[in-house]
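Working notes, structure below.
The values are calculated or read from the model by the stated rules, or taken from the named source; none is laboratory data. These figures come from a predicted structure and were not determined experimentally. Positions of Cβ are generated from backbone atoms using ideal geometry, with glycine treated the same way; all protein chains shown enter the neighbour counts. Keep in mind that these areas ignore ligands, DNA and RNA; they rest on the heavy atoms of the full protein, side chains included. Shrake-Rupley method; radii C 1.70, N 1.55, O 1.52, S 1.80 Å.
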Amino acid sequence: DDLGFGATGQTSLALRERLGPWGLTVSAERGAAQAAAQASLAESASTRLPGVPAARLGLALDRRFGDLDAALGASWLIERDSVLGARFHQAFGAGGADSLFLDASAGWQVSPGWRLGAAWRSGFIRPHAGGMVAPQSQLVASAWAIDAQRTGVFAADDSLALRLSQPLRVDRGGLSLNLPVDYSYVTLSPVYGQRLLSLAPKGREQDIELIWRGGLWSGTAMASLYYRKDPGHYSALRDDRGMAVSWNWRF
């Protein structure tokens with residue numbers, strides 16, 4: 001459920017109701033979109049931009065068909081001064097965006113110990129028009145994940161899972177800017193035209209992770225190995241690899 005940016009001060013709620021064989025979930029959340037990039041702020045020692053309001057409303061349907069479970073959902077993201085968490089200079093004259101996300105996921109219990117899963121997200125983002133930003137501005141984004149999980153590997157209650165995924169990425173589109181493209185000596189004024197500022201990155205992050213969870217020493221343990229290609233969708237960054245280990249004990 002990644003929107004491609006961090007958020008702080010989140011408040012959320014969700015309600016699920018059964019409608020015969022179907023499940024209907026209504027959700028809402030509100031927080032502040034937090035920009036990750038550093039900035040030089042006048043008269044401020046901080047290098048981080050303050051968070052700006054963002055809210056989302058969602059609706060989802062789910063159902064089980066024997067060993068197969070599936071879900072379809074849609075959500076509406078409202079940003080006041082950011083576009084998928086990104087900020088633009090005030091000279092552009094506009095801020096904020098409305099985004100529609102469509103989600104589909106499915107899981108298949110192949111056998112008592114094996115499960116396969118897949119998920120897809122499509123996003124349609126329309127930045128608010130104003131100033132140099134023309135109404136034709138639009139972005140299309142996507143994210144996906146596929147995974148396989150085996151339970152009962154070393155013990156009855158442990159699991160081993162392998163996941164391949166791509167975080168949310170802008171596939172095409174950008175800001176359509178109304179810019180001076182020529183000069184008329186008849187009217188002695190500039191001639192304006194629309195130019196597209198593409199916001200689709202060249203890089204494409206793809207992650208692969210192997211993770212184990214289970215009981216250990218009267219507690220719960222987790223260990224994972226991961227590899228990330230083009231971290232953050234930056235093609236110039238080196239591939240990232242690492243591992244994580246955790247152990248929890250209740251007392």
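Considering each of L72, L57, L68 in turn, give the residue that is over 26 Å from Q109 (Cβ atoms), modelled with pLDDT of 95 or more and open to solvent by 50 Å² or more (accessible area, probe 1.4 Å). Let's see the steps before the verdict.
Numbers: L72 fails: over 26 Å from Q109 (Cβ atoms); L68 fails: over 26 Å from Q109 (Cβ atoms).
The unique qualifying residue is L57.
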field: Residues (part of a loop (DSSP other than H, G, I, E, B), open to solvent by less than 50 Å² (accessible area, probe 1.4 Å) and out of contact with any Lys or Arg (no Cβ under 9 Å at 6 or more places or on another chain)) located in the range 148-170
entry: G152, A155
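Given the residues L197, L225, L164, which is the only one that is more than 25 Å from R115 (Cα to Cα), modelled with pLDDT of 90 or more and within 27 Å of the chain's Cα centre (by Cα)? Write out each step before concluding.
Details: L225 fails: more than 25 Å from R115 (Cα to Cα); L164 fails: more than 25 Å from R115 (Cα to Cα).
On inspection, the qualifying residue turns out to be L197.
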task: Take the residues in the range 193-251 that are outside any loop (DSSP other than H, G, I, E, B) and of a type in the set (F, W, Y), then tell me which one is least open to solvent (accessible area, probe 1.4 Å).
output: W212
task: Taking S12 as the residue in question, decide whether it is touching an Asp or Glu at 6+ places or on another chain (Cβ under 6 Å), surrounded by 11 or more Cβ atoms within 10 Å (Cβ to Cβ) and at pLDDT 80 or above.
output: yes
- request: Name every residue in the range 93-114 that is under 19 Å from G51 (Cα atoms) and hydrophobic (A, V, I, L, M, F, W, C), in order of residue number.
  value: A94, A97
query: Looking at (1) part of a loop (DSSP other than H, G, I, E, B); (2) at pLDDT 90 or above, can you tell me which one F88 breaks?
result: (2)
statement: S99 passes all but one of the listed conditions (1) at pLDDT 95 or above; (2) open to solvent by 60 Å² or more (accessible area, probe 1.4 Å); (3) small (G, A, S); the exception is number (2)
